[in-house]
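A short reminder: the numbers here are calculations on the coordinates, not readings from a lab. Note that this is a predicted model, so its numbers are computed, not measured. Ideal geometry is used to build each Cβ from the backbone, glycine not excepted, and the neighbour counts take in all protein chains shown.
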Amino acid sequence: MDNMETLKKKPTHELVLGMTGSGKTVFSRGALIPSYQDRMSMIIVDTKHDPNDKLWQLADYSTSSPKVLIKLIEKGYHVHYIIDYNSEEERWSKFNEVCHIVANMKGQVVTYVNEAGDVMDCVHMPFWFDDMLRKGRGLKHWAIVESQRPSLIVHPNLFNNVGSFWLFRCGTKDRSAIKKWFDREDLETLGEMEEYSFMWSDGFQYKHFPKLNMEALRYDRTRSDETEPERTTYLDTIGIGDCVRLTEDLLHDAEGSPRDGGDGKGGDREIQVRLG
């Protein structure tokens, strides 16, 4: 059974960690999000409101109104929710409000947090976010949490309730914080990995992978329904068993990487991920 089928039957909270430019955001938006997006409502929490981040591309609608958010989620839409506040206290309060809304929702909902360090830290966690993490399995409410500052969010309630960890290259401080939690020598390599390569863990098992195929992970909103192939994602190629495996046709070496002057094709096939 591949990972896609496993996630359909038993989703989990996902945590994606790594420094800026390491590949975590491309992976989250090109692989993890589409694997949930086809079958449940989604809230994309935007704490920065940076137009260059293009978070709106992942959604059907964008709003900063809790009332509008509730109506859209109840109808099964994917919503870009803006938390545009400068003060930490206001951001945390508004994020807690979003999690409270989710807690009262019926049906499956996934909440994507693009920078967890903006809404929590290693000491304090919003009450309703904590509730979502602990009770999500029973309520069918899931979280995809991303951070470029792991040392700020190493909170026991977060790490205890996440099912899959996707670890990209980290700096010394962040690596030390993660290493203390996992207590595995294997995590030392997080500082040595190439950009867009990653390690998967469920807290017990670990597996390293070479570079992501950036071409396969791009999302394309321009294709019409008539020409669009059957939707699939990068996770279609990852299986769950004794370890996670990644098929070679979605990987490319440095010579094939667009970042290194190659053509970026790298594999035997391309995957179009059309969001929205």
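Structure data summary
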{"item": "Separation in nanometres of the label points that stand 7 Å from Cα toward Cβ, at Phe127 and Met105", "result": "2.1"}
{"item": "The stretch 58-100: trypsin sites (Lys or Arg not before Pro) in DSSP coil with no more than 11 other Cβ atoms inside 10 Å", "result": "Lys75"}
{"item": "Alpha carbon convex hull of the stretch 78-185, projected area averaged over orientations, nm²", "result": "7.2"}
{"item": "Neighbour-count ranking [beta-carbon atoms within 10 angstrom, fewest first] of Thr172, Thr63", "result": "Thr172, Thr63"}
{"item": "Subset of Lys24/Lys180; Lys75/Lys207; Lys48/Lys135 violating a 32 Å alpha-carbon distance limit", "result": "Lys75/Lys207"}
{"item": "Exposure proxy ranking, count of Cβ atoms within 10 Å, fewest first, for Trp56, Trp92", "result": "Trp56, Trp92"}
{"item": "Extension reserve of the Asn52-Glu74 stretch, reckoned as 0.36 nm per residue once the Cα distance is removed", "result": "5.1 nm"}
{"item": "Using θ = phi - 60° and Karplus 6.51 cos²θ - 1.76 cosθ + 1.60, couplings along the stretch 15-22 (whole Hz; Gly, Pro as x)", "result": "10, 10, 10, x, 6, 4, x, 7"}
{"item": "In nm, spacing of pseudo-spin labels at Thr172 and Arg39 (7 Å Cα→C-beta vector)", "result": "4.5"}
{"item": "Projected label distance in nm at Ser65 and Thr189, using a 7 Å step from Cα toward the beta-carbon", "result": "5.1"}
